[in-house]
């Protein structure tokens, strides 16, 4: 199935992260949007506002008050909600543990790869009569990642461009043995939330990048105290203001057209099912995601 090129003149930027980010200075015309999706309820209401003329959409990943564990988050509903609100570029703000000496607590990492160690989560929108095999070779949009990296550099914030994020199921932190194994793989940071988030963003053809905020050295670093919730929260609070600054500056540099993003055409050659064999109910369920590929193939 071939789709049509629809360059976006003005990007709509989504941000998924902790509560408080929708309080970004300069955000105007704020309203809350509550959505129901074919995949269930999102983590919370979406906060929609405007920054320098751009529409921004915020969602607290764990719900306000941090009510949801990483495994309880409805990642499909969250990404579907972003898509339905017209989000074209999605920034994931995530607390992570550092797996390398040179990535200090307080540093920012703009990762470009993921290793998925989760096992309790729905990882795809598709099924139910529609088979889709989307490429995940390069899961991060390089254009959006560059915007985040350049913004951090210009602000004098310690930032690392590129790196691998290993996503574990949680909610427990790693054992020391696990941490050392992940270190041996050469990963850069460890977290619990960016998978299947990145997979679903690619299936939704949304440009995706992660702003990973290092809060600790995980438990591999024997000269540091083992990771604790208190240490994570304290460092994360310090990093929130940095994340806000980076996002506010980066969104103004995002190109108007998504033509250069690998996400924009992610589904063009990924839909395996013959259009004539797609059930009507599946067409309805996936119309937001696949509608432009169904054009010309109606029954």
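Read-outs throughout are calculated quantities, based only on the coordinates presented, and are distinct from any laboratory measurement. These numbers were taken from a predicted model, which means no experiment stands behind them. FYI the Cβ positions are ideal-geometry reconstructions off the backbone, even for glycines, and counts take in every protein chain you see.
If you count, for each residue, the other Cβ atoms within 10 Å and average over each peptide, how do 68-77, 25-34 line up from highest to lowest?
68-77, 25-34
So what is the calculated 222 nm ellipticity per residue for the chain, using -39500 (n - 2.57) for each DSSP H run with n of 4 or more, over all residues, to the nearest 500 deg cm²/dmol?
On the way: 7 runs with 78 residues, N = 299.
Calculated mean residue ellipticity at 222 nm is -8000 deg cm²/dmol.
Over the C-alpha atoms of region 13-294, what are the Rg and the largest Cα-to-Cα span, Dmax, in Å?
18.4, 62
Give me 192, 56 ranked fewest to most by other Cβ atoms within 10 Å of their Cβ, as a rough exposure proxy.
Values: 192 23, 56 26.
Lowest to highest Cβ neighbour count: 192, 56.
Give the distance, in whole Å, between the Cα centre of region 190-213 and the Cα centre of region 83-113.
9 Å
Angle, helix 229-250 long axis vs. longest principal axis of the chain, Cα atoms, 0 to 90°, nearest 10?
For helix 229-250, the angle is close to 50 degrees.
When only C-alpha pairs under 8 Å and at least 6 residues apart count, what is the relative contact order of the chain, in percent? Spell out each step's value before the answer.
Working: 620 pairs, mean separation 76.5, N = 299.
For the chain, the relative contact order is 26 percent.
Pairing the Cα long axis of helix 194-203 with the longest principal axis of the chain, what angle in degrees results, from 0 to 90 and rounded to the nearest 10?
20 degrees
Take 100, 83, 249 and order them by how many other Cβ atoms sit within 10 Å, fewest up front. Present the calculation step by step, with values, prior to reporting the outcome.
Numbers: 100 19, 83 22, 249 16.
Going from least to most buried by this count: 249, 100, 83.
Where both partners of a DSSP beta bridge lie in the chain, what percent of those bridges are antiparallel, to the nearest 5? Intermediate results must be reported in sequence, preceding the final value.
Working: 16 of 45 bridges.
Within the chain, antiparallel bridges account for around 35 percent of the total.
With 10 Å bins from zero, work out the P(r) of region 1-130 over every alpha carbon pair and list the percent per bin.
Percent of Cα pairs in each bin: 10, 35, 35, 17, 2.
As a footprinting exposure proxy, order 220, 264, 185 by other Cβ within 10 Å, with the fewest listed first.
On the way: 220 24, 264 21, 185 10.
Neighbour counts put them in this order, fewest first: 185, 264, 220.
Helix 142-154 sits at what angle to the longest principal axis of the chain, using alpha carbons and giving 0 to 90 degrees rounded to 10?
Between helix and principal axis, roughly 30 degrees.
Mind checking which of 218, 188, 284 has the largest fluctuation in a GNM of the chain, springs on alpha carbons under 10 Å?
Comparing 218, 188, 284 in the GNM, the peak value goes to 284.
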